[in-house]
Amino acid sequence: MPRFNEHLSSPGPNNPFPGVRVLERQLGHAIPHQLGSNEGLDMPHSALRRHFGDDMVKHVYSYGDSEALGIRQRLAKRYGFRCDELLVDAGCDSLLALVLRATCSLGDCVIATAGTYPTFAYFARGQGCRLIETGYDQTTPQPNDTNHPGLAPDLAALAHEANRHKARLVYVANPDNPSGHLHSDAAISQLRTELPDNCWLLLDEAYNDFRLDAERPSANQPITGVIRCRTLSKAHGLAGLRVGYAIASPEVLAALMKVRIHYAVSTLSQAAAEIVLDHPDETRAHILAVQQRRDTLASQLADLGADVLPSATNFVALRLPSAELADQVHRDMLNAGRLIAKAAHPELGRLLRISALDAALTPNMLDPLTRALPSA
Ligand SMILES: Cc1ncc(COP(=O)(O)O)c(C=O)c1O
């Protein structure tokens, strides 16, 4: 079983300010008069009221629920999780930082794919971890298109390096950004069995909601030795409010809670997330629309001769023949006032990434790109 840092294995540290909401739950009754938290409860907030309305302003005065119970209850109801197997934090990014803080010390070795979602490497380096990167598998044919070599995090290479370097943690984004590749649950389970017992698997599932099998029963289960992280930034449209959640056993989450910034998810973010989760039909319809736009965009680009990668996310990635051409297209798009993403890592210099928004399907929007494609 992977472990947390030594100093977290004994009791404490204990959060000195779990907050009024937690205290109310412990006592089993409401505390209507809050005279002890030194907030600005009597601030008139006329300017804010004029701008956003009274309803919004009522959410800004108090420290929030450090356990985000309302969000966890709704996630549990909507997706079939157990409430005590969920931890809410300020986006998936915050969870990556939190897991690193709880599991890795200065000089500890962590492993990731070179060019995958770069925030993990940024945080790992910032914490003084020794980051070992493995290349993408750029040769394996895609399951649905055997003539088409894909671009997938190389799970065997990750396991090999984890064993070689006695790593504390391996990071995998699944579905992956920027390739869009989806490894099956079986492949992820296999990776887990190949890692050293005391090495964590940090599984970033920010794009899980866009998988066609997003609601499979195994999606709701903690996996031993794995910390799964998800977000409301993508399919729920709340990136600016910063809400993400981790799925793991209660024991694992209790250790993470010891080093979590307790009010990181604001009261307003929690209130908004609860409203969105109370209206699952809107999210379902949105996901369906995104999947359709993604597939339309992919087939339009493929018809123009682009090397489009299969995507289980809310974006489409394509490989141009050279990094120079990708740079040129990216610049031309930007000069036309249109920002698409170009993978920053030199290993993925040929890769461009486009969000599956309506705007991307607007006629002529992608002209600087499509002009560079073989059948243009
Ligand atoms: C793989 C991956 N993980 C995490 C994130 C960030 O998620 P959040 O907004 O919840 O921090 C992103 C955002 O693009 C992502 O692509």
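Couple of notes before you dig in:
- First in segment 221-249 and among the charged types (D, E, K, R), second anywhere and in a loop (DSSP other than H, G, I, E, B), Cβ under 6 Å, 6 or more apart: 228/205; 230/205; 234/314; 242/90
- Candidates 36, 28, 53, 12 - the one that is at pLDDT below 95 and outside the structural domain of residue 230 (by TED's automatic domain parsing): 36
- Selection of first residues in segment 357-376 that are surrounded by fewer than 18 Cβ atoms within 10 Å (Cβ to Cβ) and of second residues that are hydroxyl-bearing (Ser, Thr, Tyr), restricted to Cβ pairs under 8 Å at least 6 apart or on distinct chains, gives the following pairs, ordered by first then second residue: 361/296; 376/370.
Conditions (1) within 24 Å of residue 215 (Cβ to Cβ); (2) of a type in the set (A, V, I, L, M, F, W, C); (3) over 18 Å from the mean Cα position of the chain (by Cα), marked per residue:
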position	(1), (2), (3)
103	no, no, yes
112	no, yes, no
138	no, no, yes
141	no, no, yes
151	no, yes, yes
162	no, yes, yes
172	yes, yes, no
177	yes, no, no
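- Scanning segment 89-116 for residues that are closer than 24 Å to residue 269 by Cα and within 11 Å of the ligand (Cβ to nearest atom) yields a total of 9.
- Subset tally (residues that are touching a residue at least 60 places away in the same chain (Cβ under 8 Å) and surrounded by 13 or more Cβ atoms within 10 Å (Cβ to Cβ)) for segment 284-304: 10
- Checklist (1) away from the ligand (no atom under 16 Å from the Cβ); (2) modelled with pLDDT of 95 or more applied to residue 4, failing item: (2)
- Residue within segment 141-161 that is modelled with pLDDT under 95 and among the acidic types (Asp, Glu) present: yes
- Between 337, 305, the distinction of being part of a loop (DSSP other than H, G, I, E, B), modelled with pLDDT of 95 or more and on the phi > 0 side of the Ramachandran plot belongs to 337 only.
- Selection from segment 117-127 of residues that are in contact (Cβ under 8 Å) with a residue 12 or more places away in the chain and either within 15 Å of the ligand (Cβ to nearest atom) or within 20 Å of residue 348 (Cα to Cα) (or both): 117, 118, 119, 120, 121, 123, 124
- Residue list for segment 1-27, restricted to those being in a helix (DSSP H, G or I) and within 30 Å of residue 167 (Cα to Cα): 6, 7, 8
Each row is one residue, and each column tells you yes or no for (1) in a loop (DSSP other than H, G, I, E, B); (2) surrounded by fewer than 20 Cβ atoms within 10 Å (Cβ to Cβ).
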{"site": "312", "(1), (2)": "yes, no"}
{"site": "318", "(1), (2)": "no, no"}
{"site": "321", "(1), (2)": "yes, yes"}
{"site": "329", "(1), (2)": "no, no"}
{"site": "333", "(1), (2)": "no, no"}
{"site": "344", "(1), (2)": "yes, yes"}
{"site": "347", "(1), (2)": "no, yes"}
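- Check on residue 132, over 20 Å from the mean Cα position of the chain (by Cα), away from the ligand (no atom under 15 Å from the Cβ), under 30 Å from residue 346 (Cβ atoms) and aliphatic (A, V, I, L, M): yes
The values are calculated or read from the model by the stated rules, or taken from the named source; none is laboratory data. Note that the structure is a prediction, hence the values are computed from the model and not measured. Reconstructed Cβ throughout: ideal geometry from the backbone, glycine too, with neighbour counts over all protein chains shown.
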